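Here the structure comes first, spelled out in structure tokens, and everything after it is commentary.
The values are calculated or read from the model by the stated rules, or taken from the named source; none is laboratory data. All figures in this text were calculated on a predicted structure; none of them were measured in a lab. Here the Cβ positions follow ideal geometry from the backbone for every residue, glycine too, while neighbour counts run over all protein chains shown. Quick note on the areas: whole protein, heavy atoms, side chains included, nothing else; ligands and nucleic acids left out. Shrake-Rupley method; radii C 1.70, N 1.55, O 1.52, S 1.80 Å.
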Amino acid sequence: KWSFPSGYVDRGEVVESAAVREVKEETNMDVEIVGLIGLYSRAGSPVALAAHAAKVVGGELRPGAEAQDVGFFRQDELPAFPFPHDDQILDDWRQGWPCTQIWA
């Protein structure tokens with residue numbers, strides 16, 4: 001299944017810098033963070049997920065070492081996403097960050 005570019009924040013790294021780095025590592029795209037979509041967690045899980053909205057500012061879309069494939073999708077043609085918070089992230093993004101396509 002497709003998923004959003006994601007990864008862990010290194011010790012001492014700024015969260016937004018980690019998001020930019022992970023996008024570059026997985027998609028070869030340079031992005032600029034434009035806002036926080038939301039912070040997501042689940043009871044019993046040690047992971048907190050920060051989802052950011054970003055705009056592409058450079059690079060050429062191609063999969064990095066950690067990705068099998070990359071692609072852009074129109075909002076009305078999104079594939080199924082695998083993780084528990086994906087639908088909530090998409091709903092929150094649609095409410096506050098309208099645009100015509102997202103990438104996974």
Checklist entry - At a 1.4 Å probe radius, carbon and sulfur cover how many percent of the accessible area of segment 15-93? => result 50 percent
Checklist entry - To two decimal places, what compactness ratio does the chain give when its Cα radius of gyration is scaled by 2.2 N^0.38 Å? => result 1.03
Checklist entry - So how strong a dipole does the chain carry about its Cα centre when Lys and Arg Cβ are +1 and Asp and Glu Cβ are -1, to the nearest 20 debye? => result 100 debye
Checklist outcome for this item: For segment 71-76, in residue order, the Karplus 3J(HN,Hα) values (coefficients 6.51, -1.76, 1.60; θ = phi - 60°; whole Hz; Gly and Pro = x) are x, 9, 9, 6, 3, 8
Checklist entry - Given the Cα-Cα distance of Ser45 and Glu60 and 0.36 nm per residue of separation, how much length would full extension add, in nm? => result 1.9 nm
Item to check | Within the chain, helix-based [θ] at 222 nm, where runs of 4 or more DSSP H residues each add -39,500 (n - 2.57), nearest 500 | outcome: -7000 deg cm²/dmol
Checklist entry - Can you pull the accessible area of Leu39 for me, 1.4 Å probe, Å² to the nearest 10? => result 120 Å²
Item to check | Where Trp93, Trp2 fall by accessible area, highest first, once all protein chains stay in place (1.4 Å) | outcome: Trp2, Trp93
Next on the checklist: Below 15 angstrom from the Cβ of Arg42, what's the summed charge of the other residues (Lys, Arg +1; Asp, Glu -1)?
Outcome noted: -2
Checklist outcome for this item: Expressed per residue, the solvent accessible area of the chain in Å² (1.4 Å probe) is about 66 Å²
Item to check | Extended-chain gain in nm, criterion 0.36 nm per residue less alpha-carbon gap, Lys1 and Glu77 | outcome: 25.9 nm
Next on the checklist: Just want the answer: with Cβ charges of +1 for Lys and Arg and -1 for Asp and Glu, which residue in Val14, Leu36, Pro46 is farthest toward the dipole's positive end in segment 1-50?
Outcome noted: Pro46
Item to check | Placed amide H near Ile37: partners under 5 Å, 5+ positions off or other chain | outcome: Ala51, His52, Ala53
Next on the checklist: Going 7 Å from the Cα of Asn28 along its beta-carbon direction, which residues of segment 47-76 have the amide nitrogen within less than 15 Å of the resulting point?
Outcome noted: 58-72
